[in-house]
Amino acid sequence: MTERKGYQTYRSYSQLDLFLTCGECYRLKYVERIPEAPSVWSIGGTAFHSCAEWLLKGDLDVSDGTFGIERIVNAWEVAWQIAHSDVVTRPMPEGTDPDPDTWRAADKGRETPFWWRHAGPRMVGDFAAWWARSGLSVFSLRDDEAGHDVPLLEHELLVELGGVPVRAIPDALVVDEHGQVDVLDYKSGKADGVRRKDPFQLCVYAAAVHAGLGFRPTWGLFYGTRLAEAYPHDLSRWSTDQIGEMFARFDADELAGIYKQNPGRHLGLCQSKGAK
C-alpha cells in the first residue's frame, strides 16, 4: 500500500459518495469532525447487519421453529446493545442524551427503539427465509495460515484505486446459481428508496474486489429488509478504471481544499453540522 499524507489514511465509498453529494458536508464530517446528532435508524441498521452476519456464518441457528425465533429475538437484543454502545462511545453533539428514545427517528419519529424492537427480529427472520430460498451461498477463500476456508462476510479490502488507498467492506460476497460471485449489500431504509437506489456503491465494491482479489463481480444485489426482497444490478455501468478515476479526482480535490457545497436538499445537513 502506497504511503501518503492527508486527512484520511484510506478513502472509502461513504467518503466519496458524501464528497460528490456535497463537498461542504464532507468537510464538516471528515475534516472539521463536527459530531452529527445520533439516530435510531443507525442502530437498527447496524443491528440487522450483525444478525445477518451471524446467520450466514452459522452462529445463529434459526432452523428449529420456536427456538429459532427465540434465538433471533435474543440475537437482536445483543446486536442492538452492541450497536448502541458503539454510538455512545463516539463524540456526539454537546448535551446529547444517551437514551436512544430521544434521538432522531425515521417516519416522522414513529420508528422508535420500541418499533425496532419488534420490527428488527421480524426483518432478521424474513432475511433467514429469503436466504434459504435464494439459492445463494457465501463465497469463501482459503486461509493457508488458519488452515481452513474463510467466508467473505464484512471482509475488509485494503486496495488501491486510481493510485489512492481505498478501504472497502462489502456486507457479503455470495455465489449465485450460475457459479458467479456477486456483491450483496443490506439496506434497512424505506422500500421505495432501496428499489430506486443507484448501484454506484455496489460498483465501488466490485472495483475493490477486482483490485484486491483479482476478479470483478458483474452483478450485485441490494437486499431490502422492509419487503425481504433483493434488487439485482448489472455492475458494468462503472468499470474499475472509472471508479479509480473518481477516487483520484476526489483525493486531489480534497487535498487541495476544494469543497463544493451542493445547494440542493443536502444543504440542511450542512447547516445542521454548523456550516456558515
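Only the coordinates and a few stated rules stand behind these numbers; no lab work does. The model shown is predicted, which means the values in this text are computed figures rather than measured ones. Using ideal geometry, Cβ is built from the backbone for each residue, glycine included, and neighbour counts are taken over all protein chains shown.
Taken about its Cα centre, segment 1-90 carries a charge dipole of about 580 debye when Lys and Arg each add +1 at the Cβ and Asp and Glu each add -1 at the Cβ. Applying 1/(1 + (r/R0)^6) with r as the Cβ-Cβ distance of HIS148 and ILE82 and R0 = 30 angstrom yields a FRET efficiency of 0.70. Cross-link partners of LYS187 among aspartates and glutamates, defined as those whose alpha carbon lies under 15 angstrom from its own and excluding same-chain residues fewer than eight positions apart: GLU53, ASP126, GLU154, ASP171, ASP198, GLU229. Between GLU229 and ALA191, the modelled labels are 0.7 nm apart [label points 7 Å from Cα along Cα→Cβ]. Taking label points 7 Å from Cα along the Cα-to-Cβ direction, HIS118 and GLU70 give a separation of 2.2 nm.
Once the GluC sites (Glu not before Pro) in DSSP loops with at most 14 neighbouring Cβ atoms within 10 Å are cut out of the chain, the longest remaining piece is 178-276.
Remark: segment 30-163 carries a charge dipole of roughly 540 debye about the Cα centre, counting +1 on each Lys and Arg Cβ and -1 on each Asp and Glu Cβ. When each full DSSP H helix of the chain is screened for a Cα extent of at least 15 Å along its own axis and an average Kyte-Doolittle hydropathy of at least 1.0, the helices passing are 200-213. For the chain, adding -39500 (n - 2.57) for each run of n ≥ 4 DSSP H residues and dividing by the number of residues yields -14000 deg cm²/dmol at 222 nm.
Each label was represented as a point 7 Å from its Cα along the Cα-to-Cβ direction; for LEU255 and ALA132 these points are 5.2 nm apart.
Counting every other Cβ atom within 10 Å of each residue's Cβ, THR225, THR96 order from fewest to most as THR96, THR225. Here's the list of aspartates and glutamates a cross-link from LYS197 could span, going by alpha-carbon distance under 12 Å and ignoring same-chain residues fewer than 8 apart: ASP185.
When the chain is treated as a Gaussian network with alpha carbon springs shorter than 10 Å, the biggest mean-square fluctuation among ASP64, ASP182, ASP198 belongs to ASP64. Specify which residue in the list TRP131, TRP115, HIS178 is farthest towards the positive end of the charge dipole of segment 115-183, using unit charges on the beta carbon of Lys, Arg (+1) and Asp, Glu (-1), about the Cα centre. The Cα lying farthest towards the positive end belongs to TRP115.
DSSP bridge analysis restricted to the chain gives an antiparallel fraction near 75%, rounded to the nearest 5. Rounded to the nearest 20, the Cβ-based charge dipole of the chain about its Cα centre (Lys and Arg +1, Asp and Glu -1) stands at 1140 debye.
Taking 0.36 nm per residue of separation and subtracting the Cα-Cα distance, full extension of the segment from ARG110 to GLU32 would add 24.9 nm.
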